[in-house]
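The values are calculated or read from the model by the stated rules, or taken from the named source; none is laboratory data. Predicted, not measured: the structure shown is a model, and the values here were computed from it. Please note: Cβ atoms are built from the backbone with ideal geometry, for glycine as well, and neighbour counts cover all protein chains shown. Surface accessibility is based on the protein's heavy atoms, side chains included, excluding ligands, DNA and RNA. Shrake-Rupley method; radii C 1.70, N 1.55, O 1.52, S 1.80 Å.
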Amino acid sequence: IVVYLRPQADYIESLYVELLKNDVYLAFREYFGKIFRSGANVSRDLWTFAFDYGEILDPFAKAFGTDRMVVRSYHANRTAKYLLNDFISVISPGRRIRGLDFRACRHRQNSSLRFAQAVELLLADRRKSGEGNFEPSIPDGHFMHGRFDPLGLRDLISIDRRFREPNRVLREKYQVKISTMTARRLLRELICSAGLNRGSALVYPYDKSTH
């Protein structure tokens, strides 16, 4: 069994976008609150998404044995070729893919939404449901054209406190180090909260966790 797990902060934002794409509309704060309280999100009474990764791994370990589990840390910024070669190295150690045509992998087949696209989906749902005009409580700015990443520094701290211990257990049981967030993301939010991002297109001009 080969499993790739991403930092919880990335997964929280990514899953929210996928739910929007599948017509599951929920205010982000309500969605985030459910995850923080229960460690999981349940949608349509059928889809359960666990953020305490032990809930995903332990049933497989019970059925097949921990020694038959290979758990890897996944980072979205790595290329498809890297991920494929890493997977091949697990199932066939020492081999690499060299001659395959990667044209299909040069562009993401399921790309993340921009902030503005996610907001527009929420607006469209409000209009469709007859709730009238709905104006997001988020100021316009260059970040609206970037990827959807509404978590702020305080959110990241809360996520780390909530899932740090479960991730430590994973490290001991499955020999994998899963961070609750990437170092790059944490650094960006620290800079943002410190107000050192004036004129920078890399970070946000406000503390998102306050909106």
With the structure loaded, tell me whether residue 91 is touching a helix residue (DSSP H, G or I) at 6+ places or on another chain (Cβ under 8 Å), open to solvent by 70 Å² or more (accessible area, probe 1.4 Å) and at pLDDT 85 or above or whether it fails that test.
no
Kindly list, by first and then second residue, each pair from a residue in segment 170-181 that is free of Cβ contacts under 8 Å to residues at least 12 places away in the same chain to a residue that is open to solvent by less than 20 Å² (accessible area, probe 1.4 Å), limited to pairs with Cβ atoms under 8 Å and residues at least 6 apart or on different chains.
171/178
I'd like the full set of residues that are modelled with pLDDT of 70 or more, open to solvent by less than 40 Å² (accessible area, probe 1.4 Å) and not aliphatic (A, V, I, L, M), limited to segment 94-124.
115
Failed criterion for residue 181 (all others in (1) at pLDDT 50 or above; (2) open to solvent by 90 Å² or more (accessible area, probe 1.4 Å) hold):
(2)
For segment 57-73, does any single residue satisfy the condition of being at pLDDT below 80, open to solvent by less than 30 Å² (accessible area, probe 1.4 Å) and of a type in the set (A, V, I, L, M)?
no
Which of the residues spanning segment 42-52 are open to solvent by less than 20 Å² (accessible area, probe 1.4 Å) and over 13 Å from the mean Cα position of the chain (by Cα)?
43
Can you tell me which condition residue 78 does not meet? The list is (1) under 24 Å from residue 9 (Cβ atoms); (2) open to solvent by less than 40 Å² (accessible area, probe 1.4 Å), and all the others hold.
(2)
Among the listed residues 83, 26, identify the single one that is under 18 Å from residue 176 (Cβ atoms) and either touching a strand residue (DSSP E or B) at 6+ places or on another chain (Cβ under 7 Å) or modelled with pLDDT under 90 (or both).
83
Hey, can you tell me all the residues within segment 8-35 that are open to solvent by 20 Å² or more (accessible area, probe 1.4 Å) and polar (S, T, N, Q)?
14, 22
What are the pairs, 6+ residues apart or on separate chains, where a residue within segment 82-94 that is of a type outside the set (Ser, Thr, Tyr) has its Cβ under 7 Å from a residue that is part of a loop (DSSP other than H, G, I, E, B) and open to solvent by 70 Å² or more (accessible area, probe 1.4 Å)?
85/96; 88/95; 88/96
Tell me which residues, restricted to segment 14-23, are touching a strand residue (DSSP E or B) at 6+ places or on another chain (Cβ under 8 Å) and within 24 Å of residue 161 (Cα to Cα).
15
What about residue 147, is it within 30 Å of residue 60 (Cβ to Cβ), open to solvent by 40 Å² or more (accessible area, probe 1.4 Å) and either in contact with a strand residue (DSSP E or B) (Cβ under 9 Å, 6 or more places away or on another chain) or at pLDDT 90 or above (or both)?
no
Report, ordered by the first and then the second residue, all pairs with beta carbons closer than 6 Å, sequence separation of six or more or different chains, a first member in segment 2-18 that is over 18 Å from residue 83 (Cα atoms), and a second member that is open to solvent by less than 10 Å² (accessible area, probe 1.4 Å) and part of a helix (DSSP H, G or I).
8/159; 8/163; 9/156; 9/159; 16/31
